[in-house]
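This report concerns only the one structure given below.
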Amino acid sequence: MQKDSLAMSLPGGATALIAPPLPPPVTRSFWRSSVRRLLRDPVTIACLTVLSLIVLSAIFAPWLGLDDPFKMSMVRRLKPPGTPGHLLGTDELGRDMLARLIYGGRLSLFMGVMPVVLATLIGATLGITAGYAGGRVNMAIMRTVDVFYAFPSVLLAVAISGVLGAGVFNSIVSLTLVFIPPIARVAESVTTQVRNQDFVEAAKATGASAYRIVTGHVLNNVIAPILIYASSLISVSIVVASGLSFLGLGVNPPNAEWGLMLNTLRQAIYVAPLNAVLPGVMIFLTSMCFNLVSDGLRGAMDVKA
């Protein structure tokens, strides 16, 4: 892989370094060696373990013997962590915090991952099309995408959610629209580099169709940088989605979701501070783990020539 890196701005002002595509077509041995390097990274493995525990507990929450996350009791409201029968205490309505946090992980993870998946599919398609076609097609697609860069990402997500209204589906739509432009920009940039490589020119000389060239040569070489960049957006998506719920533009009560739980518990910060910060701890822990896994993924795929 070339030694130069491509710097891209993440939503929220952060910066990610995306390694350029490999000059020759990416083979199965590349993916196998990347997996081996990834598995030798202790930080990445630790973060993957934590994320696996969070995801599995959210998926199998009904079979963990937890309290009903919607059962209210004004008698037991704001019980501190360690209370018998309530390991992490209760919230402002007497609902079990452990059950709310685990069930809340379902919506928080779904709203964090799904927009990135959808944006990757749409943005990568637009970027690869623009990068390979070039000319007026590139101009039309990328100038349309650039319009979204005129607005701060978080503000754009809030504005779209405000127009569409609160709800899980509307939040996913707004976040997807926010993440499509940066992914499309990365895909267009690396596709433009690959398009000028000798093996692509040789494929054109043999009379191969554009579809065969893109799927057989271009896609193999651009998929790694796109996946690396997309993985770095998951943590941003989780934080922004939680922020929308905190502002009342995401999940509606009484559903459990970490951002919404932060909102409802904010008034109890002086009475039961440990209970109030637990949803924030989950947001921080999950987003940090996704960030570190993304860094490990980039390091594993960044093979120096």
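The values are calculated or read from the model by the stated rules, or taken from the named source; none is laboratory data. In this text, all values refer to a predicted model and were calculated from it rather than measured experimentally. Please note: Cβ atoms are built from the backbone with ideal geometry, for glycine as well, and neighbour counts cover all protein chains shown.
Numbers for the structure displayed
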quantity	calculated
Entirely in region 94-187, the helices (runs of 4 or more DSSP H) that have 3 or more residues that are in contact (Cβ under 8 Å) with a residue 24 or more places away in the chain and either in contact with a Gly (Cβ under 6 Å, 6 or more places away or on another chain) or within 28 Å of Thr215 (Cβ to Cβ) (or both)	97-133, 135-147
Residue ID - farthest from Ala241 (Cα to Cα), chosen from residues in region 175-204 that are surrounded by fewer than 23 Cβ atoms within 10 Å (Cβ to Cβ), at pLDDT 80 or above and small (Gly, Ala, Ser)	Ala202
Residue in region 212-227 that is modelled with pLDDT of 90 or more and buried (at least 17 other Cβ atoms within 10 Å of the Cβ) present	yes
Any chance Gly65 is assigned to a loop (DSSP other than H, G, I, E, B), modelled with pLDDT of 90 or more and over 28 Å from the mean Cα position of the chain (by Cα)	no
Count of residues meeting criterion [of a type in the set (Val, Ile, Thr), assigned to a helix (DSSP H, G or I), closer than 25 Å to Leu156 by Cβ and at pLDDT below 95] in region 249-293	0
Residue list for region 276-293, filter: crowded, with 21+ Cβ neighbours inside 10 Å and hydroxyl-bearing (Ser, Thr, Tyr)	Thr286
Of all residues in region 294-305 being assigned to a helix (DSSP H, G or I) and over 16 Å from the mean Cα position of the chain (by Cα), the one that is surrounded by the fewest Cβ atoms within 10 Å (Cβ to Cβ)	Gly299
All positions within region 239-248 that are assigned to a helix (DSSP H, G or I) and under 27 Å from Met72 (Cβ atoms)	Ala241, Ser242, Gly243, Leu244, Ser245, Phe246
Top-ranked residue of region 238-275 - restricted to ones that are polar (S, T, N, Q) and touching a Phe, Trp or Tyr at 6+ places or on another chain (Cβ under 7 Å), ranked as surrounded by the fewest Cβ atoms within 10 Å (Cβ to Cβ)	Asn263
Residue pairs meeting the criteria (Cβ under 8 Å; at least 6 apart or on separate chains; first crowded, with 17+ Cβ neighbours inside 10 Å, in region 44-64; second of a type in the set (Lys, Arg))	Ala58/Arg106; Ala61/Arg106
